[in-house]
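Please read the structure below before turning to the comments.
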Amino acid sequence: MAFRRRSIIPGFGLTFGFTVLYLCLIVLIPLSATVFETSKLGWQQFWHIVTAPRAVASYELSFGASLTGALINFVFGILVAWVLVRYAFPARRILDSLVDLPFALPTAVAGIALTTIYAQNGWLGRPLASLGVHVAFTRLGIVVALTFIGLPFVVRTVQPILQDLDRELEEAAASLGAGRWQTFGRVLFPAILPAALTGVALAFARGVGEYGSVIFIAGNMPMRTEITPLLIVTKLEQYDYAGATAIAVVMLVVSFVLLLGINLLQKWSSAPSG
Amino acid sequence: MASRYHQGGNVLSITVANVTKRFGTFTALDDVSLEISAGRLVALLGPSGSGKTTLLRIIAGLEFAESGAIRFDGQDISDRAAGERRVGFVFQHYALFRHMTVFENVAFGLRVRPRGERPTRQQIRDRVGDLLDLIQLRSQAGRYPSQLSGGQRQRVALARALAVEPRVLLLDEPFGALDAKVRQELRRWLRQLHDDVGVTSVFVTHDQEEALEVADQVAVMNQGRIVQVGTPDEVYNHPANSFVYNFLGNVNLFHGRVDNGMTYINQDATGDLIFARPHALEITRNANGPNHFRATTKHINAAGPLVKIEVITEWGAPVHIEMAQERFRDLALNKGEEVYIIPRDLAIFEATHGDFTPSR
């Protein structure tokens, strides 16, 4: 094999074999089971299920809210990472640990907590309601929940890049006459963009699959605040396995395409330095 | 080719007046003053921690002094931000923008100008093209920094700094990260470039050879102070004190005293400092006269233009000696041989308070 080279890991054959086996066991076989289960349906039946208005509304909501949450995290994740890397302040370590909390918390707990706070008689819900903004049991609430659980991704992907970014780059830009915004826009942002996009992809993927935290705050009204994973669970509870997997397959395909898109975007934005 | 960059009337002088800078309790610069005439190429030379880079960064506006002033042509610019000083700064590790091509890197300083002062697209293209010609990298304009060698990157960094038509060019250990051969080349190239462009330039180095070879003037720094300023010839041949002598080349250190025109070497480490450059000690087989001491050859390295010999004196101290290949062949020295050492030129620094000052 021409691509075989000496390396510290014991042999390409062994590691590649293990990788394939591992991916098969963990990812491909379970996924193909969904496709297999779905194939019990006829094409017509399949199409009927996956294009039902209730299903389509749930796709729009799930992917729309996940993307929105991921994009919010894109902006604020970079900001949080920036503050954590660039400034020394007393509670920095604590703040740094707080970022990971959405990872550690059982999502149902997060959901209940968010619902309590944003409900019309909650701490934040009440003042917001008096302003005419309703969060709990609306689409906005879903975006809030998905933003919450997606926060660590962008922060944790951007942080190491920012840490490694040479201070001299900013000094060079400054000595060449660039203002703060020019330095950020032309020098720093392009450097952290690929990592931030990776974080967006992860946050988005997590959002699409998120169930626990969303169902509490969403209100779960069909056509309005029902996310696709909930629709799948509903179908499962009705013993409609084929129907559930059909929708799951659509989710898989759309997720795959979107993630591929984000990955390509990321590759394109980081191509120069490679 | 390069003459069109000559800055002509735009060349200015730099005054550093009583600058002090502290980092916490550490005093990086201690009341430093320095006058740099227009159009000169000056080296700030010193060991690490001597404050030379801090001084350069203060001139650039990347760091600000606690007290004292920086003046360009007599005008106080101490409080101005780096971007307003029109200085070109070249970093040791290049600090090129990785996601930009060579062309875009060089064009950066022109592109970020305020709308009113920004050159047109065509003007930028011409100016960058000329600079790429100057650094002989026009063919690499579309490449990214990661695709260039270290020497090429440093040239791009220089072109980037020159693009904004700086009134002062500042270089921080510009060749420090390069290997010896490339360093030699770039050194001569920088000297040539300076002569062509004519912009007042200051560079920082810890390499005495580099400073002596390239600069018009050398400012030797130690522990946050400027110890001596002068032409390379002056600082090398008339060092202000023992530190400068020691720093500007290899030396052998003896201790002793001067009495009635005679120099006595003590075998313990007391008394005045007596320095001898390796080439100022002569090895012979038969000594006549009192002016010699005995030693045994320990190590001989005959590779290179000069033969380097390490001998152990009769009192057990190692001494380094250099001689021409010819002389070495005539002597036909062997390892472990007993020889006589005749000092041809000694530099003696009397132990005054703290520093040792020359006694001639």
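The values are calculated or read from the model by the stated rules, or taken from the named source; none is laboratory data. This structure is a prediction, so every number in the text was calculated from the model and none was measured. Cβ coordinates were reconstructed from backbone atoms using ideal geometry, including for glycine residues, and neighbour counts include every protein chain displayed. The protein model used for the area step is the full one, side chains on, heavy atoms only, and it has no ligands, DNA or RNA in it. Shrake-Rupley method; radii C 1.70, N 1.55, O 1.52, S 1.80 Å.
Which one of these is in a helix (DSSP H, G or I), free of Cβ contacts under 8 Å to residues at least 40 places away in the same chain and over 21 Å from A:Leu202 (Cα atoms): A:Val35, A:Val20? Even if it seems obvious, please write down each step before you answer.
Details: A:Val35 fails: free of Cβ contacts under 8 Å to residues at least 40 places away in the same chain.
Step by step, each of A:Val35, A:Val20 is checked, and only A:Val20 is in a helix (DSSP H, G or I), free of Cβ contacts under 8 Å to residues at least 40 places away in the same chain and over 21 Å from A:Leu202 (Cα atoms).
Filtered by the rule that a residue be of a type in the set (A, V, I, L, M) and either surrounded by 19 or more Cβ atoms within 10 Å (Cβ to Cβ) or modelled with pLDDT under 85 (or both), the range B:174-197 gives B:Ala177, B:Leu178, B:Leu186, B:Leu190, B:Leu193, B:Val197. B:Asp133 meets each of the listed conditions (1) facing chain A (nearest Cβ under 9 Å); (2) out of contact with any Lys or Arg (no Cβ under 8 Å at 6 or more places or on another chain) apart from (1).
Among the residues of the range B:289-316, those identified as under 15 Å from B:Phe254 (Cβ atoms) and part of a strand (DSSP E or B) are B:Phe293, B:Arg294, B:Ala295, B:Val311, B:Ile312, B:Thr313.
Considering only residues that are farther than 22 Å from A:Gly209 by Cα and surrounded by fewer than 16 Cβ atoms within 10 Å (Cβ to Cβ), which ones fall in the range A:97-116?
We begin by selecting, within the range A:97-116, every residue farther than 22 Å from A:Gly209 by Cα; these are A:97-98, A:116.
The answer is A:Ser97, A:Leu98.
The set of residues in the range B:59-85 that are away from every other protein chain (no Cβ under 14 Å), open to solvent by less than 40 Å² (accessible area, probe 1.4 Å) and more than 18 Å from B:Leu171 (Cα to Cα) comprises B:Ala65, B:Ala69, B:Ser78. Residues that are part of a loop (DSSP other than H, G, I, E, B), open to solvent by less than 60 Å² (accessible area, probe 1.4 Å) and under 21 Å from B:Leu96 (Cβ atoms) do occur in the range B:151-164. Considering the range A:186-226, and only residues there that are small (Gly, Ala, Ser) and closer than 30 Å to A:Ala172 by Cα, the residue that is nearest to the other protein chains (Cβ to nearest Cβ) turns out to be A:Ala191. The set of residues in the range B:298-347 that are charged (D, E, K, R) and open to solvent by 50 Å² or more (accessible area, probe 1.4 Å) comprises B:Lys298, B:Lys308, B:Glu314, B:Glu326, B:Arg327, B:Arg329, B:Asp330, B:Lys335, B:Glu338, B:Arg344, B:Asp345.
Pick from A:Ala195, A:Ala178: which is open to solvent by less than 60 Å² (accessible area, probe 1.4 Å), closer than 30 Å to B:Leu62 by Cα, in a loop (DSSP other than H, G, I, E, B) and of a type in the set (A, V, I, L, M)? Working first, answer last.
On the way: A:Ala195 fails: in a loop (DSSP other than H, G, I, E, B).
Among A:Ala195, A:Ala178, only A:Ala178 is open to solvent by less than 60 Å² (accessible area, probe 1.4 Å), closer than 30 Å to B:Leu62 by Cα, in a loop (DSSP other than H, G, I, E, B) and of a type in the set (A, V, I, L, M).
In summary, B:Val229 fulfils each of the numbered conditions (1) at pLDDT 90 or above; (2) open to solvent by less than 50 Å² (accessible area, probe 1.4 Å); (3) among the hydrophobic types (A, V, I, L, M, F, W, C) with the single exception of condition (2).
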